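Trainee: Structure in structure tokens, see below.
Each reported figure results from applying straightforward, stated rules to the coordinates on display, with no laboratory input. Since the model is a prediction, treat every value here as computed from it, not as a measurement. Quick reminder, even Gly has a Cβ in these numbers, built from the backbone with ideal geometry, and neighbours come from all protein chains shown.
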There are 2 protein chains.
Amino acid sequence: MNIVLILIPLIGLIGLIVTAFKSAWVNRQDAGDPKMQELAGFIAKGAMAFLKAEWRILGVFALITSILLGWSGTLIEESNPIIAISFLLGAFLSALAGYIGMKIATRANVRTTQAARTSLAKALDVSFTGGSVMGIGVAGLAILGLGGLFIVFFKYFVPEGALATGIEMKKAIEVLAGFSLGAESIALFARVGGGIYTKAADVGADLVGKVEAGIPEDDVRNPATIADNVGDNVGDVAGMGADLFGSYVATILATMVLGQEIVSNDNFGGLSPILLPMVTAGLGLIFSIVATFFVHIKKETDSVQHALNIGNWSSIILTAIASYFAVMYLLPEKMVIREFEFTSLDVFIAIVIGLVVGTLMSIITEYYTAMGKRPVNSIVQKSGTGHATNIIGGLSIGMESTALPIFILAAGIFGSHYFAGLYGVAIAAAGMMATTAMQLAIDAFGPIADNAGGIAEMSQLPEEVRHRTDNLDAVGNTTAATGKGFAIASAALTSLALFAAFVGVTGIAAIDIFKAPVLAGLFVGGMIPYIFSSLAIAAVGRAAMDMVNEVRRQFHEIPGIMEYKAQPEYEKCVAISTRASLREMIAPGAIALLMPVIIGFTFGPEVLGGFLAGITVSGVLMGIFQSNAGGAWDNAKKSFEKGVDINGKMYYKKSEPHKASVTGDTVGDPFKDTSGPSMNILIKLSSIVALIIAPHISTMKTMEAKKEPKMKIEKVTPVAHIK
Amino acid sequence: MNIVLILIPLIGLIGLIVTAFKSAWVNRQDAGDPKMQELAGFIAKGAMAFLKAEWRILGVFALITSILLGWSGTLIEESNPIIAISFLLGAFLSALAGYIGMKIATRANVRTTQAARTSLAKALDVSFTGGSVMGIGVAGLAILGLGGLFIVFFKYFVPEGALATGIEMKKAIEVLAGFSLGAESIALFARVGGGIYTKAADVGADLVGKVEAGIPEDDVRNPATIADNVGDNVGDVAGMGADLFGSYVATILATMVLGQEIVSNDNFGGLSPILLPMVTAGLGLIFSIVATFFVHIKKETDSVQHALNIGNWSSIILTAIASYFAVMYLLPEKMVIREFEFTSLDVFIAIVIGLVVGTLMSIITEYYTAMGKRPVNSIVQKSGTGHATNIIGGLSIGMESTALPIFILAAGIFGSHYFAGLYGVAIAAAGMMATTAMQLAIDAFGPIADNAGGIAEMSQLPEEVRHRTDNLDAVGNTTAATGKGFAIASAALTSLALFAAFVGVTGIAAIDIFKAPVLAGLFVGGMIPYIFSSLAIAAVGRAAMDMVNEVRRQFHEIPGIMEYKAQPEYEKCVAISTRASLREMIAPGAIALLMPVIIGFTFGPEVLGGFLAGITVSGVLMGIFQSNAGGAWDNAKKSFEKGVDINGKMYYKKSEPHKASVTGDTVGDPFKDTSGPSMNILIKLSSIVALIIAPHISTMKTMEAKKEPKMKIEKVTPVAHIK
């Protein structure tokens, strides 16, 4: 009967095999002429150099952290030093997920450019297959890693005849949580480091190239252009790969922690609520693989967005249907968690709620960031009165865009909890994340297309090639935005699940924000996303200034660049971005990791709970605000490419309103690609850290006031009125 | 013995008498030549027109709300229809506070200009006395209103021989809460309406005047210049007056509500914890009056800031000393609130904590917004690379600036609670707000000086006059920023006190954010400041566009404006700002008032508690972020007036970096003068609304999940291992 247990890592393995086949297919494609290959070589080399430098730092970090974890595992009985191994494996696989993505992306980019010389259909095939390699690879690694590790820990910790709700199983899953901590902490550094890298290069290249020297984007004469293209790979691909690997694992794990608490009289010895999230993920992976084959266009005029939508929708619908049968097969009719009773149908409804919430979040994000819709148009109109009104417009739209997602999220939390309690909230998140492979394939396709366009421009290929890659790139911008909406929704639900798991482990009865210290914790938690964003944004600003100065220097000191007679020193710009991003990722990363530890060990679990709630709510809001404002600014700028009508007059590129829109886009860059997407890792990581330290702080009491009540006043004088 | 009860409104009355004397003194000053008087007349007329139009709308609102309140007061036994009268009186006095400020400001402005023709010392005398009229008047009205009404309700509701902790006294104070609701809701509309007015006119005047037509600020040829100066009066004076009146009342009231719960065996029949906040406010008023006489300079080279600081510090220190004796005289040695015991010394310590928190908040705000310090300098440097980096720099500084204030606030909450429980938190806020009269005098002095400078410029007075008013105006910018830091800190503590009062009235045991619906409430609450800010900022953008179009039309259609041959139609611009601001204040105001009602009646008190916590934390963060970013941008722009060194090169006004800094300042305008300062009203108003509806929703249960636990699984199968 434990066939399910073995099937899970097997599905992961199948995913990796498919990855290998698809990857080989991409490699077999024509990589174009020597000039293109040379440029692609520069990009691949730069990306690899960054990853290596990053790994050196993260390796040290992982080693130290694992030693600390292992040591802390020996301190109390509820813990175990094996968590260190779990952590290292999670960190390693997370880095590997980024590597796979980066490797395929730097091969698929130039092959997409070459394919775009033939047809749009062919270019989509190559770029989307590249994205799929990453998506399926990441999901496969996660399922194989989690599923395999679970079998090992299950056999090691849980003796024959133990209960699924027992202390042994609890310990097995707590040790497994180290895997998630490893994955998520690497994800944070990868996202922040990659985000700073890509935006420093982008902003720096634009400020000197486009604005000062008046040369187009991706011009081969711009010394920062290679760094800019490397950035797409290390930020939008490797960073995002590690990010979604972490999210995926955290969501599954949080559901497993809660599943372990469920008293379930099923045919699998009570294991089924623990296995269900992994099974759902496995089904999602299978149907994501199936759905990748639906993503095709035939003619030049076919809609790329439509093709991607078909892939996306079929993976979601197939997974939803399959999960119904999985739920019915695995779960018993009735279960109980923390005295709350629910049925298998309730669990399925919660999964559907998760899928609906994720879909609605994507739709709203698209509305707020897509060209031609009210929000982006309003920013375009405000560009007519200058830089300042463009910025005010974008900030206003970004803030407005938090309203609907929050209502949906709140309804999702309420609804999934209404049906299946805390397990419902967690499984809703797991349902939402089930099709991560497809989501990530669609997401990763964007930067590949972006890079392909860059190579086409730098190689001075014919207009029609650039036109095709631009078509793909525009769709990529939308998918990038919707992917972020999806990520933040899943992060919020996952955090709540982790939060619930944390409460379970510490054994506190409630997190009462009415208590002053807990409220103080809520305030401090709410502030963290602000300081984190401030650091990330300022880092981009600083790194971009370094880049600007270097580019100016090269223009000045190397004669002949402008006349294509001398090659700029690309590698110096790459080195600047690499150095700056690695230097600047330390502080925000340290805040995210250390604050929960400091708060927890100083003020105890209840204040830490308040802190987590603060960071989650504030982080979700800041994440939505920043991502959407950035996306809307970007597309407001893009709207000028085809010309826009402001107060009855047409404006195009290089007009004054267009310049104002470029300002908005530049401000939005670190918002949408550095600090905004880091928010979801920040909130999950804090929750995971809290969960890991929970057994150590569970006995601490909240220090509320200087003394316990002891006095009773017996006789009280009545009030006297004014005579 | 109930002499204290009578003394309180008497102090208020004394304040009003001082106000009358000071006001008469201002009126006796020379109002300058006919040209100056004509311009001042335009400003006064415009401001009055706005207030009248605003009152028409607010009158209808107040009438409808009071009817609803009166009706709801008849529904349940815990409530009473008299709350309607209480509400109307609060609303009326709040409007009156704004009126007094506006009236004196529009008289003091031109007289300050005239005084500036003689000396800086004289100009400071006139402008600061104008500010004092407002400050002392507002505080006097509040103390007289609250103190008088308390006596009335005390006599009406509380029979001889009742206990201070009894149900009758509880009811008296609950009815008194209507006064605070009235004050705070008028404050919200006045702040938002005035804020939109002033910034629409300011941004509109700058965009066409400074940027397009190239004429200086406050140029008489600019049709929007009168509207701009009117804006200073209706936004920064009338709006702020109503705002601080509301804050002051809310803080005192919240402390009274908690004081009523205290079992205190004092010599005043247990009344002393209820009276203490009013007494502290009275002492603060007296010593503020005393300290206004310390604000003087002798020579032209004396520091205006220093003179104001002496006034501020002496009022704070004198009040702190006096409150020690008041606490010792009024309170018994030991008291108990909600089973928590504390001493009179503990209460005094809490008051000191409040004063320290307020002072530290002001100092930090000054650091983040003052010229020559690291934050503003960093924005200046970033202006060197353009508009976008200036904006990124300001946003980053604004976000960073939340960190220290939040730590201080958290420490303040923790500390004041540690010593004197919830009453400690409330009395800390009351201590902080005690010197409101002085704070407001210093605050209101700024816009008067600003206006005086405008009149000097428009009347083309000699350089030295403008130089003197600029000196005052620069100090005014700093005091405006520190005043905001102070306001947000007091709002946070007040909200917590109201929050505690709300919990007491509803009788819920805890607000457990671990419950899914409560967490959903926290999310929705956290979002409100975003949508509120979005509406306010967008409103400024829209109204500014109207203004831009009108100014363009006048330049185009009225020949001779530029050559001083024709007078622009100032009144049309005034009308545009008036109409726009009144139209746009409705939506944000409605959200603030209705959301707590909807949440409370739909989901019950505990979810409403989560909502309140969310709005408080998010509102405090957004308030600090926006106010400080706006202040820093403003002074980064001002730094160019004396010239700044960027990368070894000097830049002055009209340089490219200066233009970038103007963009930042324009973005910051609605941040720091419209949405930012509204945040503290928003959070207090929500808490007061919750407190008012608390008796009506106290019996509602939190709907947590679809069914109560009923099933117990008896036999659980152990897990089976893989064979």
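Trainee: Based solely on its DSSP helices, what 222 nm [θ] is calculated for chain B when runs of n ≥ 4 H residues each add -39,500 (n - 2.57) and the sum is averaged over all residues, nearest 500 deg cm²/dmol? Mind dumping the intermediate values first?
Mentor: Details: 21 runs with 549 residues, N = 723.
After summing the helix terms and dividing by the residues of chain B, the value is -27000 deg cm²/dmol.
Trainee: Note down the relative contact order for segment B:57-126 as a percent, whole number, built from C-alpha pairs under 8 angstrom at least six residues apart.
Mentor: 18
Trainee: Could you work out, residue by residue across A:140-150, how many beta carbons of other chains sit within 10 Å of that residue's beta carbon, and then give the average as an integer?
Mentor: Rounded to a whole number, the mean comes out at 0.
Trainee: Oh, and also: Using the C-alpha atoms of segment B:50-208, what convex hull volume per residue, in cubic angstrom, is computed?
Mentor: Numbers: hull volume 21.9 nm³, N = 159.
Per-residue hull volume (Cα only) is 138 Å³.
Trainee: First measure r as the distance between the Cβ atoms of A:A587 and A:N267, then evaluate 1/(1 + (r/R0)^6) with R0 = 60 Å and state the FRET efficiency to the nearest 0.05.
Mentor: 0.70
Trainee: Please report, for the Cα atoms of segment A:550-603, the Rg to one decimal and the Dmax as a whole number; what are they, in angstrom?
Mentor: When restricted to the Cα atoms of segment A:550-603, Rg and Dmax are 20.4, 65 Å.
Trainee: Next question, about the same structure. Report the relative contact order of chain B, percent, no decimals, based on alpha-carbon pairs under 8 angstrom and at least 6 residues apart.
Mentor: On the way: 1411 pairs, mean separation 140.3, N = 723.
Over chain B, the number comes to 19 percent.
Trainee: Let me ask you something else. Using the Kirkwood radius over Cα pairs, work out the Stokes-Einstein diffusion coefficient for segment A:393-518 at 10 °C and 1.306 mPa s, in µm²/s as a whole number.
Mentor: 89
Trainee: Given all pairs of different Cα atoms, what value in angstroms does the Kirkwood hydrodynamic radius of segment A:500-539 take?
Mentor: 12.0
Trainee: Can you compute the equivalent ellipsoid semi-axes for segment B:569-649, i.e. the square root of 5 times each eigenvalue of the Cα gyration tensor, sorted largest first and rounded to whole Å?
Mentor: The answer is 39, 25, 5 Å, longest axis first.
Trainee: How about segment B:206-301: which trypsin sites (Lys or Arg not before Pro) there are in a DSSP loop, with at most 10 other Cβ atoms within 10 Å of their Cβ?
Mentor: Qualifying residues, ordered by number: B:K298, B:K299.
Trainee: Then there's this: Please give the average number of partner chain Cβ atoms lying within 10 Å of the Cβ of each residue in A:507-513, rounded to a whole number.
Mentor: So the per-residue partner count for this stretch is 6.
Trainee: Continuing with the same structure: What is the list of residues in segment A:275-302 whose amide nitrogen lies under 20 Å from a point 7 angstrom out from the Cα of A:W313, following Cα to Cβ?
Mentor: Inside the label zone: A:284, A:287-299, A:301-302.
Trainee: Dividing the convex hull volume of the Cα atoms of segment A:234-387 by its residue count, what figure in Å³ per residue is obtained?
Mentor: Hull volume over Cα atoms, normalised by residue count, gives 176 Å³.
Trainee: Quick check on my link table: of B:K122/B:K298; A:K52/A:K103; B:K484/B:K672; A:K35/A:K210, which ones sit more than 18 Å apart, alpha carbon to alpha carbon?
Mentor: A:K35/A:K210
Trainee: Let me ask something else. With unit charges on the beta carbon (Lys/Arg positive, Asp/Glu negative), name the residue among A:Y367, A:G415, A:H387 whose Cα is farthest towards the positive pole of the charge dipole of segment A:324-420.
Mentor: A:H387
Trainee: Taking loop as defined by DSSP and a crowding limit of 13 other beta carbons within 10 Å, which trypsin sites (Lys or Arg not before Pro) in segment A:7-94 fit? Show your work: numbers first, answer last.
Mentor: Details: sites: A:K22, A:R28, A:K35, A:K45, A:K52, A:R56; in loops: none.
Here no trypsin sites (Lys or Arg not before Pro) fit, given the DSSP loop and packing criteria.
Trainee: Take every Cα-Cα distance within the protein assembly as shown, group them into 10 Å bins from 0 onward, and report for each bin the whole-number percent of pairs it holds.
Mentor: So the P(r) values, bin by bin, are 2, 9, 17, 20, 19, 16, 11, 5, 1, 0, 0.
Trainee: Further, regarding this structure: Mind jotting down a quarter of the surface of the convex hull over the alpha carbons of segment B:48-101, in square nanometres, one decimal?
Mentor: 3.6
Trainee: Return one number: the angle in degrees, 0 to 90 and rounded to the nearest 10, between the long axis of the Cα atoms of helix B:403-433 and the longest principal axis of the Cα atoms of chain B.
Mentor: With rounding to tens, the tilt is 50 degrees.
Trainee: Shielding of B:620-630 by partners, i.e. mean partner chain Cβ atoms within 10 Å per residue?
Mentor: For peptide B:620-630, the averaged partner shielding equals 2.
Trainee: At a temperature of 25 °C and a viscosity of 0.890 mPa s, determine how fast segment A:389-445 diffuses translationally according to Stokes-Einstein, using the Kirkwood radius over alpha-carbon pairs as Rh; express D in µm²/s, rounded to the nearest whole number.
Mentor: Calculated translational D: 179 µm²/s.
Trainee: Where the label is 7 Å out from Cα toward Cβ, how close does A:A20 come to the same position in every other copy, in nm, shortest first?
Mentor: In nanometres, ordered from closest: 9.6.
Trainee: Still on this structure, I have one more. Let me check against my output: what whole-number percent is the relative contact order of segment A:213-361, with C-alpha pairs under 8 Å and at least 6 apart?
Mentor: That works out to 21 percent.
Trainee: Something else about it: What per residue convex hull volume, in Å³, do the alpha-carbon atoms of chain A yield?
Mentor: So the per-residue Cα hull volume is 183 Å³.
Trainee: Next question, about the same structure. At most 12 other Cβ atoms within 10 Å and a DSSP loop assignment: could you name the GluC sites (Glu not before Pro) in segment B:1-93 that fit? Kindly include the intermediate steps, with their values, before the conclusion.
Mentor: Values: sites: B:E38, B:E54, B:E77, B:E78; in loops: B:E77, B:E78.
Here the sparse-neighbourhood loop sites are B:E77.
Trainee: Further question on the same structure: Taking only Cα atoms, what is the 0 to 90° angle, nearest 10, from helix A:656-670's long axis to the longest principal axis of chain A?
Mentor: Helix A:656-670 sits at roughly 40 degrees to that axis.
Trainee: On to the next question. Among the lysines, which have Cα under 18 Å from the Cα of A:K373 when same-chain residues fewer than 8 positions away are ignored?
Mentor: The reachable lysines, counting only those whose Cα sits under 18 Å from A:K373, are A:K382, A:K637, A:K638, A:K642.
Trainee: Could you tell me which residue out of B:F42, B:I513, B:I76 lies farthest along the dipole of segment B:3-697 toward its positive end? Charges go on the beta carbon: Lys and Arg +1, Asp and Glu -1, centred on the Cα centre.
Mentor: It is B:F42, whose Cα lies furthest towards the positive end.
Trainee: Give the range of the longest stretch in chain A that excludes all chymotrypsin sites (Phe, Trp or Tyr not before Pro) found in loop regions by DSSP and having at most 11 other beta-carbon atoms within 10 Å.
Mentor: A:1-292
Trainee: Run the label-point distances for B:I586 please: 7 Å along Cα to Cβ, every other copy, nanometres, shortest first.
Mentor: Spacings between copies for this position, smallest first, are 5.7 nm.
Trainee: Principal axis lengths of segment A:1-134 from Cα atoms, whole Å, largest first?
Mentor: Result for segment A:1-134: principal-axis Cα extents of 64, 44, 17 Å.
Trainee: Any idea what the dipole of chain A comes to, in debye rounded to 20, about its Cα centre with Lys/Arg Cβ at +1 and Asp/Glu Cβ at -1? Please report the intermediate quantities before stating the final value.
Mentor: Working: 52 positive and 57 negative charges, 157 e Å.
Computed charge dipole of chain A: roughly 760 debye.
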